[in-house]
Every structure is written in structure tokens, then in C-alpha cells.
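Structure first, then comments.
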Amino acid sequence: MKQAMLTDEKLILRAPEKSDLDKLYLWENDCEQWNVGNAVAPYSHKQLWDYIETYVADIFVSRQLRFVIEEITTKKAVGTIDVFDFDPVNRHASLGIYIDVDSRKQGYAKRALTMICQYCLEYIGMHTLTAMTAVSNEDAQNLFKSCGFSTCGRLRSWVRLGDKYEDVIMLQRM
């Protein structure tokens with residue numbers, strides 16, 4: 001039997017569920033990670049509950065998708081992977097990934113990124129996927145490059161880290 005596209009031997013990428021609320025609350029409110037996204041203030045349980053309740057799993061409607069990365073044998077949520085800024089005309093989107101601190105360095109990010117790229121390129125018919133990461137985040141750059149992304153640009157002083165600004169590397173996969 002052919003395996004589902006959003007599953008491999010270890011992980012499944014699935015829609016957020018009500019049971020993910022507490023994990024999402026911790027991850028979204030990890031202020032040490034805000035510099036890799038656009039968060040500037042904490043989310044409430046209600047905001048995240050409302051997001052889960054109203055989640056639209058149609059990228060052509062919502063222009064974004066969020067998947068929870070779940071380890072199959074333990075049923076443990078180990079992170080999230082997002083497809084956002086979807087442009088249905090030109091068929092491109094950006095990707096973002098978060099792995100729980102206790103679940104890092106176990107290969108989950110590469111597995112999830114491989115699956116989401118396959119899904120976006122083969123199923124949705126994306127032409128291009130992009131990602132942006134701070135210059136200092138070599139782990140993220142290496143992750144994306146290991147999944148077929150290449151550096152395509154640099155934005156100067158793009159992200160603020162405390163009282164300093166850092167360049168961002170743009171990566172692209174076609």
C-alpha cells in the first residue's frame with residue numbers, strides 16, 4: 001500500500017487539534033524564538049483556541065497552512081511547519097519550521113521539511129518555495145540546503161535582535 005504523502009516511517013504532518021493547545025501555547029510564547037518570526041507579544045489560550053477552531057485547511061482560501069509534526073510511535077507533537085504567503089497565481093510560498101527544544105537534533109526537521117516540500121511541489125503544484133533565516137542561524141541554513149534549497153539573496157539589517165540588527169539569508173527551491 002502506498003504511504004500517505006504527509007507521513008514517513010517516523011512522522012506525520014497533521015492539522016492542529018484541540019489537544020495541541022497547551023503545546024502551541026508554550027511554543028508560540030517562547031520569546032527566545034520570536035526573533036525568527038514576527039511575534040512581538042504573547043498569544044493567549046483563547047487566541048490559539050480560536051485559531052484551532054477556525055483553521056481552514058485549504059491553502060487556496062486561507063493562503064497558508066500549519067501542520068503539527070507528530071512522532072508516530074509516541075503520538076508526541078514535536079513541532080510545527082508552516083506554509084505561508086501563498087501566491088496561487090505564481091505558485092510560490094514561504095516555509096517556516098519550529099522543533100521543540102527537547103526534540104531537536106533527532107532528524108525531525110529534515111524529515112518534516114522533506115515531506116512538506118514534496119507535498120507543496122507535487123500535490124499543490126508550487127513552482128517555488130522560499131525560506132528566510134538570520135545569518136547567524138547556520139543550523140537552519142544547513143537544514144534548508146540539505147533539502148534542495150539554495151541561497152538566492154541577502155537582506156541587510158532585516159531582523160532586530162535586542163538592540164542590534166542582523167542580515168537575513170533568503171533561500172529558494174524550485
Worksheet item: What translational diffusion coefficient, in µm²/s and rounded to a whole number, does the Stokes-Einstein relation yield for the range 107-174 at 37 °C and a viscosity of 0.692 mPa s, taking the hydrodynamic radius as the Kirkwood radius over Cα pairs?
Response: 258 µm²/s
Worksheet entry | Largest to smallest accessible area among Y55, Y43 [probe 1.4 Å] | Y43, Y55
Practice prompt. Two decimals is fine: what's Rg over Rh for the chain, C-alpha atoms, Kirkwood radius as Rh?
Written response: 0.94
Fill in: Accessible solvent surface per residue of the chain, calculated while the other protein chains remain in place, 1.4 angstrom probe, Å²
59 Å²
Practice prompt. Determine the sum of side-chain charges near G107: Lys and Arg each +1, Asp and Glu each -1, restricted to other residues whose C-beta is under 15 angstrom from that of G107.
Written response: -1
Worksheet entry | Heavy-atom accessible surface of the chain: percent carbon and sulfur, 1.4 Å | 52 percent
Worksheet item: Average projected area of the Cα convex hull of the range 50-91, in nm²?
Response: 3.7 nm²
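The values are calculated or read from the model by the stated rules, or taken from the named source; none is laboratory data. Worth saying up front: this structure is predicted, and the values here are computed from it rather than measured. A quick note on method: Cβ atoms are made from the backbone with ideal geometry, for glycine too, and the neighbour counts reach across all protein chains shown. SASA here: full protein model, heavy atoms, side chains in, ligands and nucleic acids out. Shrake-Rupley method; radii C 1.70, N 1.55, O 1.52, S 1.80 Å.
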